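Heads up, the thing below is written out as structure tokens.
Derivation of every value follows stated rules applied to the coordinates shown; laboratory data play no part. No experiment lies behind these values; they were computed from the predicted model shown. Cβ sites come from the backbone with ideal geometry, for glycine too, and all protein chains shown count toward neighbours.
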Amino acid sequence: MTEHAELSPTDWVREQTERILEQGTTDGVEILDRPVVLFTTTGAKSGKKRYVPLMRVEENGRYAMVASKGGDPQHPSWYHNVLAHPRVTVQDGDKVTELTAREVDGAERAHWWELAVQAYPPYADYQTKTDRLIPVFVLE
């Protein structure tokens, strides 16, 4: 997908990403029987490309990135990267597209949050584990 992007230091995330890269597609790579999409972001400070596999939340060719980090009180590191560099590469299946991310709020966030919970029900539980409102980016 993107040459010279860095893999996650987290074992299961790195293994999932390596599987996608080896296959050339996200098809068949899942978490709890739910499909994932592979995003490539740019480091906020380093400028290095980084792979981020996340749950597939899509509507009419638009994608969402949900910064849940499993309900952790801190945002995932990729959150800051996307704020600093909103151009993100998205691989869904074997289709690769470059889109621009923007953080959403209000009714738009509520709509995408509902889609996210439908796509991956544990997101609802993650929100109960943290005091922060889990950020949602829409990519178009």
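Before moving on, here are some points about what is shown:
- Filter result for residue 126 (under 15 Å from residue 54 (Cα atoms) and either exposed (fewer than 13 other Cβ atoms within 10 Å of the Cβ) or over 13 Å from the mean Cα position of the chain (by Cα) (or both)): yes
- Only one of the numbered conditions (1) without any contact (Cβ under 8 Å) to a residue 40 or more places away in the chain; (2) farther than 24 Å from residue 125 by Cβ is violated by residue 76, and that is (2).
- Given (1) in contact with an Asp or Glu (Cβ under 6 Å, 6 or more places away or on another chain); (2) over 21 Å from residue 8 (Cα atoms), index of the condition residue 48 fails: (2)
- Taking first residues from segment 11-26 that are more than 13 Å from residue 51 (Cα to Cα) and partners that are among the charged types (D, E, K, R) and surrounded by fewer than 14 Cβ atoms within 10 Å (Cβ to Cβ), the Cβ contacts under 6 Å between residues at least 6 apart in sequence or on separate chains come to 24/94; 25/94.
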